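Novice: After the structure tokens below, expect a handful of questions from me.
The values are calculated or read from the model by the stated rules, or taken from the named source; none is laboratory data. Here the structure is a predicted model, which is why all the values come from computation and not from measurement. Virtual Cβ from ideal backbone geometry, glycine too; neighbours counted across all protein chains shown.
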Amino acid sequence: MTSGQKPRAFRITPEPPPDSRVTTTPLSARPQTRIVEEPFEIVDAADGVAVPVAPRRRSPWMALFLSAVGGLVSLGIGLSVERMIADLFQAAPWLGWVALALLAIAALALLAIVVRELAGLRRERKIERLRQSAVDALGSRDHTGAQAVVQALSAFYADRDALSAGRARIDAAADAILDVDDRIGLAEYELLAGLDRQACNAVAAAAKQVSAVTALSPRAIVDVAFVVYAAVRLLRRIAAIYGGRPGFLGFLRLARAAVAHLTVTGGMAVGESVMQQVLGLGIAARISAKLGEGVLNGLMTARFGLAAINVCRPLPFVRQAPPRLADVAGELLRTAEAETP
């Protein structure tokens, strides 16, 4: 290797198997060799692929069992509360009225929680439908479907005054003759570019915070607890940036989708191998144990944040470049390299 040249990784897409019919493949559709200048891009190659929430396969017997058990538990709790209130009325009437008032407050709070959960699930499903409709329109080159997606996305962000100028420009271009990619890319630029920057800033801040805390914490249990807490807070923050308002059930659904995205794109493999690719074997070996743990935890938090962006974003990345690990966690590795003796 000539001195002064940077090491590069080559990804070569294999040729398709030969077919009995002779066809002519356009030059733009032929597999090409991709030259990767940064080791981060090896991990980031699949980050732009949105992985939808997979439908759960539920057994009817399991659903019947859970419904029956839930009904029995509800009856038991209701009977216990009724007996308690009756006993309080017998002991002192004012205690019974206090118990009834507390029961009414609890029922009202439960109703509010249920309404919030249903509203959060409804918004999440609307975001998923928008993303899937955009993917279908791009795949089938459906101009009508693309225009419907853009209008639905503009209506989804109608309550955000900061995006009013972008919505006006989208409305002005509604009658223009645009390609499917250009029309969806216009909505992506006008409505989601600023939200993407906010989400990337949130991921970078969470990764740096996790790296600093886990590098300084004295016990491993503190590291684990803080990483989980940071991941939960980051997922909720990203969902709120893109318009989602997940409750408890909605959060579990988003977390499941984000973990599925990490699994599909290979993000769970980020670890010491990435450190060695970026910093080199010699440098990674000389980094102190706690600093290395902090950097790796920060990298994993950043990877989880990138997966959360792909899950919570209402459109796939069309014209905008998807964020890479180097964009949100490059400072962690520069800090580790600076600390290396």
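Here's the yes/no breakdown for (1) modelled with pLDDT under 90; (2) within 26 Å of Val149 (Cβ to Cβ):
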site: Leu192; (1), (2): no, yes
site: Ala202; (1), (2): no, yes
site: Val213; (1), (2): yes, no
site: Val227; (1), (2): yes, no
site: Leu234; (1), (2): no, no
site: Gly243; (1), (2): yes, yes
site: Arg253; (1), (2): yes, yes
site: Ala257; (1), (2): yes, yes
site: His261; (1), (2): yes, yes
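Novice: So Ala212 passes all but one of these: (1) assigned to a helix (DSSP H, G or I); (2) at positive phi. Which condition number does it fail?
Specialist: (2)
Novice: Another question about this same structure. Give the residue, chosen from Leu88, Leu79, that is without any contact (Cβ under 8 Å) to a residue 60 or more places away in the chain, in contact with a Gly (Cβ under 8 Å, 6 or more places away or on another chain) and not assigned by TED's automatic domain parsing to the domain that holds Leu249.
Specialist: Answer to the check: Leu88.
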